[in-house]
1. Using the Cα centre of the chain as origin and beta-carbon charges of +1 (Lys, Arg) and -1 (Asp, Glu), tell me which of 106, 84, 69 is placed farthest towards the positive end of the dipole.
2. Rounded to the nearest 20 debye, what is the charge dipole size of segment 1-66 about its Cα centre when +1 sits on each Lys and Arg Cβ and -1 on each Asp and Glu Cβ?
3. Along the Cα-to-C-beta direction of residue 33, a point sits 7 Å from the Cα; which residues of segment 53-78 have their amide N less than 20 Å from that point?
4. Dipole of the chain (Lys/Arg Cβ +1, Asp/Glu Cβ -1, origin at the Cα centre): which of 121, 168, 178 lies farthest to the positive side?
5. Under Stokes-Einstein, with the Kirkwood radius over Cα pairs standing in for Rh, what whole-number D in µm²/s applies to segment 96-215 at 4 °C and 1.567 mPa s?
6. Taking the 0 to 90 degree range and rounding to the nearest ten, how far is the long axis of helix 156-171 tilted relative to the main principal axis of the chain, both from C-alpha atoms?
7. Bin by bin, in steps of 5 Å, what percent of the Cα pairs in segment 2-86 do you find, going until the bin that has the longest distance?
8. Count the net charge of all other residues whose Cβ sits under 14 Å from the Cβ of residue 200, scoring Lys and Arg as +1 and Asp and Glu as -1.
Amino acid sequence: MLKRQEIIAKAKQSIMEFDDIAAKKVAKEALEAGIDPAEIIEEGFTAAMELVGERFAEGILFLPHVIAAVYAMQAAIDILLPEMEKMGSETKSRGTVVIGTIEGDIHSIGKDIVATALRIAGYNVVDLGSDVPIESYVEKAREVKADVVASSALMTITMINQMRIEEQLNEAGFRHNVKTMVGGAPVTQEWADRIGADIYAENSGDAVNKINALFA
Ligand code: B12
């Protein structure tokens, strides 16, 4: 138990010190200690990135610091996500999810984690990437006969584009064919209700649980 807490603390420290070598080392250590990769990502690396974000907002850290923290986080993620993928279900796809970071927004790390978690849970995930034009969600959803259209927004100014997905799915006469899911740090259940999205999920685990419930 102590080992687990120690490793989580080290994961946080590696991000706060912008140390990609340490981040890689901790990621490997976590796997060797049998810690669930999703847990070390959420409780260690993501928690530290939130702190980096707060310090950036307060003017204590600057953009180059955030970028350096991203390098460290990415180094760990590159080790952990493939391990998570290996744990994935071999069973037939439970449904298709089209996911992307919303137009105007390049933040991709959280979306990548959610996409991987859904793949592991047995969904066919079509990842459109970042800064995805609204029309692309609608076109792709139609093309692959998606069950869920999921969007990530990390900035308050880009959240509004999640509403435009709802509008364009409606305009295309396709809204009733899919469920929509929204997420990202500034996104809330209240926002999802306001724009008419079917699901709000706080993190990757919550996203999997809520989509599973939908397909149960
Ligand atoms: C890393 C980072 C960056 C990196 C992004 C690198 C990359 N490839 O993703 C870089 C340096 C490029 C960057 C750039 C910018 N950033 Co930035 N960034 C961050 C930071 C510090 C962390 C984000 C992150 O990766 N967290 C770790 C991941 C794992 O967490 P997450 O994204 O929240 O994802 C989890 C949940 O939200 C959820 N989730 C996420 N997506 C989805 C989707 C679905 C469907 C579901 C269900 C759930 C879900 O599950 C995930 C896993 O648990 C945040 C601070 C913060 N608190 O979010 C600022 C932050 C988001 N950035 C901010 C800003 C302002 C910018 C810039 C405009 C800065 C600038 N002046 O240029 C640019 C944006 C340019 C653009 N057009 O997009 C602001 C936004 C402010 C606001 N309220 O709108 C923040 C909040 C920082 C701050 N406090 O001021 N940024």
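None of the figures in this text is laboratory data; all of them are computed from the coordinates on show. On a predicted model such as this, the values are computed, not experimentally measured, just so you know. So basically every Cβ, Gly included, is an ideal-geometry build from the backbone, and we count neighbours across all protein chains shown.
1. Of the options given, the answer is 84.
2. 200
3. 72-78
4. 121
5. Estimated via Stokes-Einstein, D reaches 95 µm²/s.
6. Once rounded, one gets 30 degrees.
7. Computed distribution, short to long bins: 3, 17, 30, 24, 15, 8, 4, 1.
8. It works out to a net charge of -3.
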